[in-house]
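Trainee: Structure below; questions to follow.
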Amino acid sequence: MLRRLINACECQQFAFDMWNRLVQTMLIERMYGIDRIARNFSRPESGIFGAIISYLLKKANLPSERNAVKHLDVRPNHTVLEIGFGLGYGIQHVLDIIKEGDGSVHGLDISDEMVRRTARRFQKEIKDKKVNICIGDVASMPYEDNTFDRVFHTNSCFYWPDMDEAAKEIYRVMRKDSVMVTIVMPDELNMAVKKGALKYGDPDQTRYIDALRKNNFVDVQVQDFYDAEDCLYPWYQATFAYAKKK
């Protein structure tokens with residue numbers, strides 16, 4: 001009886017969350033138009049609109065970032081990079097693992113608004129040199145060769161204009177035998193494409209996979225997973241790519 005009641009409450013909460021998200025999205029589209037939404041997904045801006053988009057990004061990215069870090073198998077002594085960190089939820093997941101070790105987590109994002117917000121969130125950790133945040137382009141990163149043990153990104157490669165240069169740069173900053181993980185939720189991606197929210201990006205994953213294989217990554221593979229914690233889009237795909245350097 002108690003289990004049935006809990007399940008009913010969970011279903012009601014899920015329905016409420018779905019309705020809230022639908023209403024919010026419809027209001028935003030009516031007030032600002034899908035074009036501005038699409039531009040903000042590629043590079044979030046400041047102000048009230050940016051805050052609204054940040055809320056939607058939080059809902060969309062939390063499960064992806066959690067799963068990316070889970071599949072990375074981060075160790076306390078690892079140096080980790082997140083590309084396109086947004087509001088910093090992936091950085092927090094990594095920090096929870098490396099905070100007692102010698103490792104550090106670094107974040108690169110092209111949006112100065114996301115850099116500002118996330119740097120403010122991790123002020124203490126930045127001071128303690130456990131977190132490093134910077135603004136920059138994935139095709140020209142401000143890191144030394146062979147810096148990172150782990151790299152991950154979610155919902156950002158759609159906006160990389162030069163996929164080959166991005167792949168070369170990522171490979172350059174990764175250490176020997178390091179791994180990169182990318183998470184995509186196909187159902188969520190398809191919905192965004194139909195709504196026009198990705199008009200400033202390219203959702204074709206084959207372009208990304210081909211660029212990795214072309215630029216020295218090995219054992220590039222895509223695997224399907226299901227996340228019981230994420231009721232909205234339980235199916236997600238994880239792409240694994242390895243830097244096997246001499």
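The values are calculated or read from the model by the stated rules, or taken from the named source; none is laboratory data. As the structure is a prediction and not an experimental result, all values here were calculated from the model. Cβ atoms come from the backbone with ideal geometry, glycine included; neighbour counts cover every protein chain shown. Only protein heavy atoms, including side chains, enter the accessible area calculation; ligands, DNA and RNA are left aside. Shrake-Rupley method; radii C 1.70, N 1.55, O 1.52, S 1.80 Å.
Listed here are the residues, each with its yes/no results for (1) open to solvent by 60 Å² or more (accessible area, probe 1.4 Å); (2) at pLDDT 90 or above; (3) touching a strand residue (DSSP E or B) at 6+ places or on another chain (Cβ under 7 Å).
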position	(1), (2), (3)
Glu169	no, yes, yes
Met185	no, no, yes
Leu198	no, no, no
Gly201	no, no, no
Asp204	yes, no, no
Val218	no, yes, yes
Cys231	yes, no, no
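Trainee: Moving to a separate point now. Could you run through segment 87-117 and say how many residues are within 20 Å of Ser140 (Cβ to Cβ) and buried (at least 22 other Cβ atoms within 10 Å of the Cβ)?
Mentor: Residues flagged as within 20 Å of Ser140 (Cβ to Cβ) and buried (at least 22 other Cβ atoms within 10 Å of the Cβ) within segment 87-117 amount to 5.
Trainee: Which is outside any strand (DSSP E or B), under 21 Å from Ser140 (Cα atoms) and under 19 Å from the mean Cα position of the chain (by Cα), of Leu212, Leu232?
Mentor: Leu212
Trainee: Among (1) over 11 Å from Ala243 (Cβ atoms); (2) part of a helix (DSSP H, G or I); (3) not small (Gly, Ala, Ser), where does Ile170 come up short?
Mentor: (1)
Trainee: Here's another thing I want to ask about it. Quick check on segment 134-162: of everything there that is part of a strand (DSSP E or B) and aliphatic (A, V, I, L, M), which residue is modelled with the highest pLDDT?
Mentor: Looking at residues that are part of a strand (DSSP E or B) and aliphatic (A, V, I, L, M), I get Val151.
Trainee: So if I check each of Lys124, Lys130, which one is in contact with a Gly (Cβ under 9 Å, 6 or more places away or on another chain) and farther than 21 Å from Asn67 by Cβ?
Mentor: Of Lys124, Lys130, the one residue that is in contact with a Gly (Cβ under 9 Å, 6 or more places away or on another chain) and farther than 21 Å from Asn67 by Cβ is Lys130.
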